[in-house]
Structures are given as C-alpha cells and as structure tokens.
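Reading through the structure tokens given below for one structure.
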Amino acid sequence: MPAVVENDVLIYKGSNFFRQRLLLSTLSGRAIKIEEIRSTHDDPGLREYEVNLIRLLDKVTNGTRVELSETGTSVYYQPGILIGGQVNHSCCPQRGIGYYLEVLLALGPFCKEPLNAVLQGVTHSDLDVSVDKIKSAALPILLKFILVDDGLELKVVRRGAPPLGGGEVVFKCPVRRHLRPLQWTKWGLVKRIRGVVYALRVSPTMANRVVESAKGVMLKFLPDVYINTDQCRGSNAGKSPGFGISLVAETNDKTFYCAEAKSVDGGKGEITLPEDLGRECAQRLLDEVYRGGAVDSAFQWLLALWMALGQKDVSECIIGPLSDYTITFLQHLKEFFGVMFKLEVQRQEEDEDSDDEQVQAAQKIKMTCVGIGYVNISKRTL
Amino acid sequence: MGDDAAFDKKKSHHAKRAGRKAEKKKNKTKLDQSNLSARQRNPKAFAIQNAVRAEKQFRRREDVIAKKQHIPQVDKTPLEPPPIVVAVVGPPRVGKTTVINNLIKSFIKTNVTNTNGPITIVTSKKRRITLIECNNDVNSMIDIAKCADLVLLLCDASFGFEMEIFEFLNICQVHGMPKIMGVLTHLDMIKNAKTLKTTKKTLKHRFWTEVYSGAKLFYLSGIVHGEYLRNEIKNLARFISVMKFRPLSWRMTHSYVLADRLEDITSQELIRKDAKVSRDVVLYGYVRGVPLMKESAVHIAGVGDMKINELSYLPDPCPLPSSGKKRHLMERERQIYAPFSGVGGIVYDKDAVYIELKGSHSHKKEDEETNEKKVLLKNVVETKETVDEQMQESGFKLFSGGAVIYPNMVKDDEYLQHNSKTNNGSESESDSDDANDSDNDSGIDQSEKDTKSSKLPWDNNSGSEAEDNEGGEDNEGKNSENDEDSDNENDDSEEESEEDEDFSKKWREKLSEKATEAYLDRQKTSKNIMKLVYGEFEIGNKTKEQKMESSDESDEEEIGGLFKKVTDTQKKKHKEKERLDLDECSFFYSSSKPNLRDWTAESNKQLLINSFVTGKRSADEDASELLKLDDASDGDDEELYGDFEDLETGEKHFAEKEKEENPSTEETGSKRKADPTKSEILAKKLKLKAKFDSEYDNPDDHRIKGDHSYYENLKAEALKQSELNKSVFENLDNGLRVEVEGFRPGLYVRMMFKNMPAEFVTNFDSSYPILIGSLNMAEQNIGFVSCKVKKHRWYKKILKTNDPIIISLGWRRFQTLPIYSKIEDDLKCRYLKYTPEHVTCNMHFYGPVTPQNTGFLALQTVNNNPNEIQELGFRIAATGSVNEINKSTQIVKKLKLIGTPLKIYKKTAFIKDMFTSTLEVAKFEGARIKTVSGIRGQIKKALNKPEGAFRATFEDKILMSDIIFCRTWFKVDVTKFYAPVVNLLLPLGSKNAWQGMKTKGQLKRERNIRSDANTDSMYTEIQREPKVFKPLVIPKALQKGLPYKFKPKQKVTTLSGTNPKDKFRGRIAVIKNPHEQKVANVMKMLKTNYEKKQEAQKQATAERLKAHRKQKDAEEWRKLKRQKELKKKICRQISKMGNKRKPQM
C-alpha cells in the first residue's frame, strides 16, 4: 500500500514491514509515521521486539527522534545521522538476532565509524534468518559491493536457541563512502556444499544423526559435501535446548545459497526427529538451488538495496523469483528513494529443443537500476 | 550516431611505397654504411650497455607515464548532450552584451535586439550553446559559476583587471572550475602601440597566474559600427565550438536546470482575490549534469528548497539537426530559442504573449532569408495556440506544434500524446492488453481496474512480448502443473484415507496445500513483473484517477439483495488488511510453509541436476565441447590429441573411447551445443592472432615496457560501465525509461512548482539566472556541518565567531552563525574567538547537510552597496570545504575553576569557593586539581558545610595563601540559525541588496551605541609596600651543633657601647709638612733598602743550603751503597753456611 506523503513525512499503516520502513527511513533521512499498529488486535501497539529495534537504531544513530503515541499504535520516527562504532545490544528473544543483524548489515557501510556490534539474544529463530545464514550468504553479497574486505566479520561467540536465547555474535563492518555498481548476471554451478549442525543442551548424537540424513540427500547431487558439527557446552550452549542445521551451497562464481532448519522450540510438547530435520534442510537447500539467481532468496532485498544505493551507474543482477518481502521492499525503495528497478523475466534459451520440458528451471528475473548516487554523508574526511 | 562517426572518419595518410618520390626518399634516408660507427650500424648490439643507466631510463619513463595517469572515471555524457552553458562575465560596461550579440550573429546570422536570460542556439551539427550574461551582482556571479561550462571573462584592457574578475575566479575555484577564456576589450582605447603591447603582456601574465599558464586570452581590438571585428568574433566562436570539457565532481553527482522560461499558471481569480497568494509556477529548461529524478527535492537558488510537483519532458524547442550526411548546418537548422529576450518573435509577458513582426514592411521582401524567418515565425504562431490551451490549465502539450514541424521529433513525442489523449480510442486496445496481462498475473489482477483507463507505458512492451512467448510459457505452465498435480494427488489420497481425522489438522493441511500452490505459481508467473511490483504507483506523468475507485464501489452488484458480490477493489482491500499486521519475515515463503517438491524424486531431480558442477554444462562452458571446438579449428591437428598416455599416472587415453562415451552422456543430460561454424572458428583464430601480435610484435620499439595492466583494467572497467549506462535503457519505452533512469541530461523538461511565493513572479527579473539544482538523498535535511576554512588572504578583516556570514555551499546560499575552532592533537575541537590569520581552522555551523569535500565560500555581505564594496575591497571572506556532518557538535573552551583553602591538615585540605553546590562537587569527584605553586591533588568528597566546599588531598601540604585550580572544558553550542538568501524574491530595483542578520558591531555602529567600559578592566596605579621579612631565628639546640663558622656571632660590645666601626668616625685626617714628608721619604727609602738586602741574603742562604743538602745527599748515598754491599756479603756468607748445613740435615 503506497504511503501518504504529508509535509515530507511518509505515513504508513500497519505493523508489517516495520523494520523495512525504519531501515529505509534511516538511510534516506526522511521522517516516517506509522499508524494503526495492531489497532484492532487484543494486544495493540508495538511489540517488545519492535521497541527493541528502535532502541538499536537509536544506538547506532545520533539525533534520532522517536515519538510514540500513548496507546503505542502510532510511531513517528525522524532519523538522525548514522554513527556506528562500538554497540552493545541485547536483542529481544521474541525474534532472532537475524532480525536486528540484517538491519545492521544494511546500515553498516554507511556509518561514521566502522561498526563493531555485540548482539545478544536468540541466534536461531524460525521467523528470522539465522546468524549462520547471514554469515555464509549475506556477507559475500556485501563483499561484492565494497570489493575490499577490511574487517567485515561476523563471529558467533555463543549460540542460543529460543525461547530464552543466550547467544552472542560480534559483527564488524567497514565503512565506505559509496558502493560500486555491480553487474552480476552469472552465478555458476554449485561446486561444494558445506554445513554446520549445532546441538545445544541436547545429546551430541542428535547432531550426528542430522548430519547423516542431510548428507544422504546431498550426496545424490554432489560428492563434495562436508558438514561440521558444533557441540556447544556450558555457557556457550545458551539457555535453552535445541538443535539445528544450516547448509550452504557454494557455486564457482561465489554465490552462496543457504538453507536452514531447526528443532521445534523446547517446551512445546512436540519433538523433532533429527533425521527429518536433516532431510528437510537438504530439501530446502535444493529448493534454493532450483530457484537459483545470484543471491539467496532471503537476501534479495539486501541486493536490491545496495544496488539502489550505488553510484549513478547502472547495476544489473539476475535473481530467482521475487519473494513477497522483496516486492514490498522494492515498493518501499521507490517511495523512499524514488528509485525504480527495471525488472525483466529472463527467457530460457531457445536452442534447447528436444528435452525442453525436462530442464525447465525456475523463473529468473533480471533487475536493472541506476544507483541514486548515495554517498555516506556521515563519514569524516580529514 | 553510428553513421555519423563513419562520416567523420578521415582517410588516413599512406606513405608512398613506389614511384619517384618514394625512390627519392629512400635514397635520402639510406646512409652510407662505410662511414658509420659500429653502434650506428648495429644499434641492437648496443642496446643495453650500462645496466644502471638503463634502469634509470626505465624508471624515469615509468615516472612520466605514472604522472599522466588519472583515476579513470565513468564517462557520463549522454548521447544527446544538453546545450553548453557559456556565461559572459565581467564588470559593468566592458561590452558583455555586445559580445553576446556578435556571437549570436556569427552563429545564426540574425540580429537580436535585446538579450535577456539564457539564449540557446544551435552552433554545429553536434553542439548547442546557451549564452547567458552575468549581471554585476555577487549572487548572480555565484549562481553562474555553479552552472557555467565555459566562461568568457571580459575585461576592459584600458582599465585592467577589476576586483569582480578576481572574485569570480575565486568563486569558480571553490565550486568547480569551469573552462575559462579571457577576453580583452576596449583595446582601441590604448593609442600608443608600445603601451598596448606591454598592457597585453602584463594582463596576459596576470591572467595566467590566476587560471593556469597558457590559458586562452582573446583580444577584441576594437569596435566598428558598434560591433567587434568579424574575424575576431569568428575566431572566438570557433574556439567555443570546439571546446572540450572536463567533468566536475559536484555536477557529476547532481542534476540541475538553468530555467529559460517561466509561466505562472495560478488561476487569475485567486490572484485577483489576493495578490500575494502563493503561485503555481512552471519552469522550463534543459536537464544537465546527471539524470533528474522525479521525486527528488530541488533547491532554486535565491528562492529556497522546493518539491517538484509535476515533472515531464517536452520536445526539444531547439533541436539538434537530424543526422544526415551533410557537412554544414542548413540555414533552417540554425535555431535560436530565448523566450526571455523575445527572440524567435515571442515575448512572454506576465499574462500576454507578444509577437515581434519587424516593422510593417517586413513581409514585402521575399528572398530566401525571409523565407527562413517565416518558417520560424510559423513555428511561433503554432506554439501560440498551445499557449492558449495552456492557459486553460493544461498539461505539457505546449510544444506539440514544434513536434509537428520536426517530424523526427514525433517519435519521441508519441508517449506524450498517448497520455494527453483521454480515455477515448485507446480503450479497446488497452482492454485487450489488460486481458492478456490478467492471464499472466495470477493474484494481482486487483490493480487492473485502476489502470484500465490510462495505459501504462510498459504495456506497450511487455504486452507484445507476452504474446510472442505465450506458447513457450504455456508449455512451462503445463509442465509444472503436471508436477503439481502429482503432488496434489498424493496429498488427496492421503487425505481420503485419514478422513476421520480431526478437522483442524485437515484445515492446516489445506492451508499448506494452498501455500504450496501459491508458491509454485510464484515460480512461474508474473510475466509482467514490473506491474506486479510497481502497479500501484503513478507512472509516467499521470495521476491515477481516484474517481474510478469510488465508482467501482457504487457499482457493486447485489446478488439476492442481501449479499454483495465482492469486487476486485474490496478483495484488494481485504488482502491488504490481512497483510497489515503480519509478522515481518524476509524468507521466501514468509509465514506459510508450503510442501516443497521432493527433490530426491527422479523427475524433480532432472530439474536440478544441471545446477551442479557434476551436471551437464552449456556449450560455451563445457570443457569437452571447448576442446572439440579447438580440435575442429585446428583441422589436421586432430589426431595430435587423439590418444595419449599420461606419463605420471600411466593412464592411457583413447580418442575412440571418448567418442563412445559422448553419446551416452548426451542421452542422460541435455545436449546444449551446436557444432562450431566456420565463421566462429575464423573469429577465434583471428583473436588468437591478434593476441600473439600484441604480445610479440613490437616493431618500432625494442625497449622494455612496464606493466600497466592494473591501470588498463581500471580504464577498461570504467569504459565498460559507461557503455552499459548508455546502452542498457536504449530500447526502453520513453515513459518507463524516464521512470527508471530519471530525466536524462539533454531532455527539455517542464517543472511545476506549487506554493511558490508570489514575489518570485511579481518581482521577476530575467537578467538573474534561475538555477534549479536537485538535492540528493539526505541533502534536504539540516544538521551541523563541520568544515575546514581559511580566511581569504585578500580579505582585510579577520572573522569573528558567531558573526553572521553568508555561505555559498552546494546549490545554496544562506546566512548562518559559524563557530571557529582548532582541532587539537586529541581531535578535540577547541573554540577560537577569531579565525587565525594565515592557516586553516575548523568551522561549525548549522546548515544543510552536504557531502564531504564539497567546497564553499563565505561572504560577509551580498549587498551591492558601492560604499561598502569600496570599503571592503575584496568581498570573499573565506573559502573551505566540508569535513563532516553531524546532528550534534562537540566544541569546547577552556574553563578554570578557582578555589581557596578553608582548612589545612597535613596533606588533606578543605577547599571552598570552587563550586556552589554539593551536586556540582559530586560531578567532579576524582578530578585533578593543582595549586599555583604546582602541588597536585584530587577532589575527594563534598562537605556538608559550607555548601560547595569539598575535601581534597594533595601530594604535599598546601598553604593557606595558595589558590587552587581545577582545569575543565566547557562545551560551546552552535546557534541554530539558518536563513537562505532569497534575493530573487526582492523587489526589482533592490535584488542585489539582500540584508540578513547584522553583526552586533554593525548594529551598534548604526544606532551609535557605545559600550560602557568595564570598571574591573580600568587601569589603576598599583602601590606595593616593601616586603618586611622577619629576622632569621636559629633555635638554640641547632646553634650548639653548628660549626663556629656558621654560629651567629656575639655582638662586639665596646665600652662606649657603640659599634666598633664607629671607632674611626670621630677621627681627623693628618696632612704632613715638607720636612715631615722628607723624613718619611728617607725612612721609606731606608726601609726599602733594608728589605732588598734582606732578600738578597735570604736568597744566598737558600742557595748555600741547597748545595749543602746536595753534598749531604751524596755522602748519604755513598754510605748506603757501602752498607748494601756489606749486607750482601754477609747475606751470601750466611746463605752459604745455611746451604752447607742443609744437606746434613
């Protein structure tokens, strides 16, 4: 739903895409107002994790103004200048660290000082991308835009499963004055599959069982499969029991697809069989590979963001089918930055005639845009 | 453009190889071999004799090359560039207008009566220029410097350079140096030939030091019949038309428009009611710099920040000639466009359009020239109609007349006309298109109704595309449906068997099934993906009709009187409501988890297998195919690689076996390649040959070359990017292209601004440039700007903190209150009251956020009051560049807190008077303090009484007379004051007299306020009493221990009890009479004589004694010697005896 613009303030309705809107507002420097946040719900107003996100944004910026209405159903957010630097934040365990980390990742290159954030909370959550996924699939995307890796790092210090969490990650991100335009139309073929299985406060055999089943599926496609197990002990295992797996497929053009699966939250009365988990994750990875494209489907929006924020040059990338989230993000990009992508559905090559039906790959979309010439205005020059 | 390039290509020179001339040349160059030295005969043998020298030479050459290299920049000049802005700048009465008139005459052969505002003319087949004159106002000079590509700097040679010229050059340097050509006029005023020569020379050299040495300086030697000499003007024109330009960093990141036309479209009724009502104003001009985005905020210099309400492009009013194979411009193509100055026959006034007809007899002559003019006039008349239309609040169809005249324009214009057409006619077309679309977009048909009435620009494209590929797409659809079906069937059977299960589970399954369906749909649908994403936005100059929606709602069909049929809009609304409060999730299938395909199933596996390196590759990547291609190209070498033995592993490879295997693999995977054609092979061979040639053939130069591959790669990358930038949107529909790319430079655009101050229109003066600069992201915000700044060395005064100054930064000119500071070694900004004289310092002010490294200049006044200028001399107060932006500042100033001891214990003391409350003390607990004498200490804790006193400890006992300091820093806040210079809104006569905030000094001077002298600072005579020290008292016990020397001596007591020194006080001097003198003399002589004798005697005695002692010594020596010998003898005897006795023992 397009925003209403009033006095250069974008007015939105509803709590969905709260994070997107705050993120884009912070980057664009435009004030936003979000109204009717769960106004018809039994539990109206902002959730704890959303307030927590505002707190985090306040920590990485200077001069941010936030006004909450009395009922909490409307927020006015006027962003300040991104400063970055050392940030300690304990994230709300209702959402995973990924919810917050993605925001930091998007903001990271545009801070005044290199970001060095320590986030505590749930490292693996159902709703959000896990830290493993960000580390393996999202950081390489940023690397394509900044080209030189001087201190881009994500370290998982401790893992924490929901509901109590107790995990900790350290995220470091260098700053850039501007991002370079990117042409990324080839992603190559999957050459190796790696993975991590973690087991927190459960029997270590769980991990091995997950590995076995996941490997069983993947080996049908590729011989180069290697899955690590991460048995966490003591304080490193967080506060809640749980186990899970994340698989990464790397192509020969440095594209990373990542899929993950985790056990059902403890205390819900359901149990997850490790074999099922491994198989499910492998299936998801295959699904991701099938969708293809230059980036993992969960990070299409990051790619779009950084393409749009590039210099005033043409960027073009080919990605798999657009997710709902990306579609909304593109709409938001248009509203905040006025940048519109040219989206084309890539045609399958016509020369394959005989067994055409068999090798029908997923639809690919070519995104082309001219960067808005965004420069990091907060960085200091000497 | 392509054939243009071919047309321009000159035939290259070929040296003669045969014939008389070639023979002659050969003889000339042929040297007599016999006379040559060995080195000359065989230079190769002597190529490198001295390694050190060779190395030096190589290094020097590399240095020279490296010095020439610049970081390659992406070339952003558009295919059809906007006219070049040529600004004519100079002090008043140097002949600016004459130069412009003459230039126009030389370019397009028409006389222009009055020049006002920008004048655009076509000068050559590929170049247009916009001439603009700069009036004598700093504001205009600044704005012109920001937008000019080329500056003609006019100077009266008989007078010399004036201050305005230097000011302008400095302004240019700050905002990005455009090309500058100096033009000396009034040379005929200097009669003497010699002075003329020297003047020219001195002026030239002065100009060179300002611009760069070798800068072009033109001489216009005189005026004949009010015009400069034709030859000189022609020369100048030629220079202008071949000038090349360098990209400037600010203009390569911002788009800008130099408005050359203005219309007020406010309804007359509103104006009649209230003359001051804010107006709706339309400005026209060419986009320059980078593409102009529709949503971007703009700054109109001299007015303020504005939001473009409507932006659309128009057909070019002054188009470049069509690219035919002609050498020269046709007379018809030499166009001029200058609405402000009434050229081309039109004068736009506030509310009327005047047409100039050149007198009553102008129609009579019917030669070619007038014919041309008639064409022009016709052009104008046609436009006039559209102006009328425009009066009735119309869009931008203003220049459709122009498009009619130049048929090549119609193509561009097509889209415009589409839009201008209302719902008639195109209805059916778009309907069919829409039908097409709705087939393709599943689930997004909601926006259909809205878009029906107005055709979306991308429908042109993708509609047809969709049709083209319908067949293939269907196949795809069927295929995936099959897969889906099989999945669903499985599900179904399961469901049937477990029918008695509880409802909720079934429901959940249904849900997931639905999600699966949606997910599979997603992967194959959205033919028109652009519409899926951007369908809800207004695209291409048109506003979505709100009415349609409401009518939709009223149209709701009622079924059975009770139930309403759910319309699309309602569905859409419902959907939106559902989405409104969902949890945000960036996964592909956000909340619903569909059943994925079972990828291990053989049929599904085939879809995927080729995504892995183990799968089959496409023809251009497959190694074996490439090998085969190589083999084929080698032809007869085929057997060479037929079969061979790997020596390391001992494996044997056979060609035949390979051939057997190949078909088998082809069966399993898909065959993706076609056999290489002959042309392919040939191309490949040629490429290889070229590569070899470039590597090995180096015919003329045998010297070693450095490796410049890094630089070459950078250059290639930039080139590739610029080509991509130009080519990627080439085939896109213009309306969509403008959306995606923005209004590219070179387009003539119409911008509508709402709520413009009425003064802008009522006080409009076309001699002031209207510069509309776009603002990039976040640049419309205001924050604290930190920059480095240096007072200009020609400015007479130094600048004081918090005195208002006018800053020209980015597009803006504004007044603000700066605070100067100095960055200390610990990066702390320390407050300075005044700018230092000759070094840069830091400056903070509250102003618009601007990217780092942007240059700015500061003025204390922009008022053109001649007295003030006279007094100031040079008006530019300071120049600098932006360092950092922030939302808060940290500038500090030194603060010393002073206290005195209240009570002193050993090393602890109570200090009072430093603070006023306990709270203050609490804040400073642990702070370092120091006495004047240098004893250091620390604040410990507050005391109860008196308020503000505290306990402190020191490294030594302090004195009651000590003063105690606490050194701290005090934060200075930057005043939030930011006032744009709105000189364009001022009344006509006083546009150059903008007055902002005044300094305190100015106000005091104006009102004749004198400040009272501070009595504390007044001089009073200091009277110091001499210090009286107490006598030194040494304790008795210590006195006892002292040596006598240091013991205090007893006072000598005399009988009289007076000081012994006083003994002589009462005595009288004696004066001898001559006799007594004689006696005394004799006595003296006797005494001397006696003393002499005594001395001689003493000497003699000493000598005697010496001799005697010598003798004595000798005797002693002899005696000793004798005794020694005796002792020796005795000892020998004794030892002999001893020896004899020993053996017996």
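How many nm is it between the label spots at A:Arg380 and A:Arg65, if each spot is 7 Å from the Cα in line with the beta carbon?
The modelled label-to-label distance comes out at 2.6 nm.
Calculate the spin-label point distance for B:Glu576 paired with B:Gln1111, positioning each point 7 Å from the Cα along the beta-carbon direction, and give it in nanometres.
Label at B:Gln1111, label at B:Glu576, 14.7 nm between them.
Mind checking B:603-611 for the average number of partner chain beta-carbons within 10 Å of each residue's beta-carbon?
6
Once amide H atoms are built 1.01 Å from N in the peptide plane, which residues 5 or more positions from B:Arg813, or in another chain, come under 5 Å H to H?
B:Gly302, B:Val981
How far apart, in nanometres, would the label points at B:Glu1076 and B:Thr762 be if each is projected 7 angstrom from Cα along the Cα-to-Cβ direction?
Result: 12.1 nm between the two label points.
So, in Å, what gap is there between the alpha-carbon centers of the range B:278-300 and the range B:766-834?
25 Å
Beta carbons within 10 angstrom, averaged per residue: use that to sort the peptides B:821-830, A:244-253, highest first.
A:244-253, B:821-830
Report the GluC sites (Glu not before Pro) located in the range A:8-92 that are in a DSSP loop and have at most 13 other Cβ atoms inside 10 Å of their Cβ, or state none.
Listed in order of number, the matching sites are A:Glu70.
Which GluC sites (Glu not before Pro) in the range A:269-326 sit in a loop by DSSP (not H, G, I, E or B) and have at most 16 other Cβ atoms within 10 Å of their own Cβ?
A:Glu270
Can you give the extra length, in nm with one decimal, that the chain gains between B:Val1033 and B:Leu248 once fully stretched, where that is 0.36 nm per residue apart less the Cα-Cα distance?
Stretched out fully, the B:Val1033 to B:Leu248 stretch lengthens by 274.2 nm.
For the range A:309-326 and the range A:185-245, compute the distance between their C-alpha centroids and round to whole Å.
Centre-to-centre (Cα) distance: 30 Å.
Give me a comma-separated list of calculated 3J(HN,Hα) values for the range B:965-972, in order, Karplus coefficients 6.51, -1.76, 1.60 applied at θ = phi - 60°, integers in Hz, x for any Gly or Pro.
10, 10, 8, 9, 10, 10, 7, 9
Are there any chymotrypsin sites (Phe, Trp or Tyr not before Pro) in the range B:149-243 that are in a DSSP loop and have at most 11 other Cβ atoms within 10 Å? List them by number.
For chymotrypsin sites (Phe, Trp or Tyr not before Pro) across the range B:149-243 that sit outside H, G, I, E and B with at most 11 neighbouring Cβ atoms in 10 Å, the list reads B:Tyr212.
Could you provide, to the nearest whole Å², the per residue accessible area of the range B:84-242 with probe 1.4 Å?
40 Å²
Give, ordered by residue number, each residue of the range B:843-860 whose 1.4 Å probe accessible area is reduced by a minimum of 10 Å² on adding the remaining protein chains to the chain alone.
Correct list: B:Val849, B:Pro851, B:Gln852, B:Asn853.
Show me you know the interface measure: the accessible area buried between B and A, both chains summed, probe 1.4 Å, in Å² to the nearest 100.
It comes to approximately 8900 Å² buried between B and A.
Just want the answer: with Cβ charges of +1 for Lys and Arg and -1 for Asp and Glu, which residue in A:Asn236, A:Gln283, A:Thr251 is farthest toward the dipole's positive end in the range A:190-291?
Ranked along the dipole, the leading option is A:Asn236.
Considering amide H positions built from the backbone, and no H for Pro or chain starts, which residues 5 or more places from A:Gly165, or on another chain, come under 5 Å of its amide H?
It is A:Lys239, A:Ser240, by chain and number.
Could you grab the relative contact order for the range A:78-208? Cα pairs under 8 Å, six or more apart, rounded to a whole percent.
Normalised by residue count, the contact order of the range A:78-208 is 26 percent.
Once you average over the residues of A:282-288, how many Cβ atoms of partner chains fall within 10 Å of each Cβ?
Counting other chains' Cβ atoms within 10 Å and averaging over A:282-288 gives 5.
Listed highest first by mean packing, meaning other Cβ atoms within 10 Å per residue, what order do B:53-63, A:214-224, B:257-267 come in?
Highest to lowest by the protection proxy: B:257-267, A:214-224, B:53-63.
Ranking request for peptides B:779-788, B:273-282, B:1033-1042: highest mean number of other beta-carbon atoms within 10 Å first, then the rest in descending order.
Packing proxy ranking, top to bottom: B:779-788, B:273-282, B:1033-1042.
Using 1/(1 + (r/R0)^6) with R0 = 35 angstrom and r between the beta carbons of B:Trp794 and B:Ser12, what's the FRET efficiency to the nearest 0.05?
It comes out at approximately 0.10.
If amide hydrogens are placed 1.01 Å from N in the peptide plane, which non-local residues have theirs closer than 5 Å to the one on A:Gly72?
Under 5 Å from the amide H of A:Gly72: no residue qualifies.
For B:Lys907 and B:Thr614, what is the calculated FRET efficiency with R₀ set at 56 Å and r taken between the beta-carbons, to the nearest 0.05?
It comes to 0.10.
Probe of 1.4 angstrom, ligands and nucleic acids ignored: what's the accessible area per residue over the range A:83-176, in square angstrom?
For the range A:83-176, the per-residue accessible area is 28 Å².
For A:Asn88 and B:Asp583, what does the FRET efficiency come to when R0 = 25 Å and r is the distance between their Cβ atoms, rounded to the nearest 0.05?
For R0 = 25 Å, the calculated efficiency reads 0.45.
Quick one: 3J(HN,Hα) in Hz for the range B:1071-1079, Karplus 6.51/-1.76/1.60 with θ = phi - 60°, rounded, Gly and Pro as x.
Values per residue, Gly and Pro as x: 10, 7, 8, x, 4, 4, 4, 4, 4 Hz.
Any chance you could run the full-extension gain for B:Asn114 through B:Asn35? It's 0.36 nm times the residue separation minus the Cα-Cα distance, nm to one decimal.
Answer, rounded to one decimal: 20.9 nm.
Quick one: with all protein chains in place, what share of the accessible area of the range B:730-822 is carbon or sulfur, to the nearest percent (1.4 Å probe)?
Accessible surface attributable to carbon and sulfur in the range B:730-822 totals 43 percent.
Pulled fully out, how much extra length does the chain show between B:His708 and B:Lys833, if you take 0.36 nm times their separation in residues and subtract their Cα-Cα distance?
Full extension of this stretch gives 39.9 nm more.
Between the range B:864-942 and the range A:1-65, how many Å separate their Cα centres?
So the two Cα centres are separated by 41 Å.
Using a probe radius of 1.4 Å on heavy atoms only, what accessible surface per residue do you get for the range A:190-291? Whole Å² is fine.
Roughly 42 Å² per residue, with all protein chains present.
The values are calculated or read from the model by the stated rules, or taken from the named source; none is laboratory data. Just so it is clear, the structure is predicted and the values come from calculations on it, not from any experiment. As a convention, Cβ positions derive from the backbone with ideal geometry for all residues, glycine included, and neighbour counts pool all protein chains shown. Accessible surface areas use protein heavy atoms only, side chains included; no ligands, DNA or RNA. Shrake-Rupley method; radii C 1.70, N 1.55, O 1.52, S 1.80 Å.
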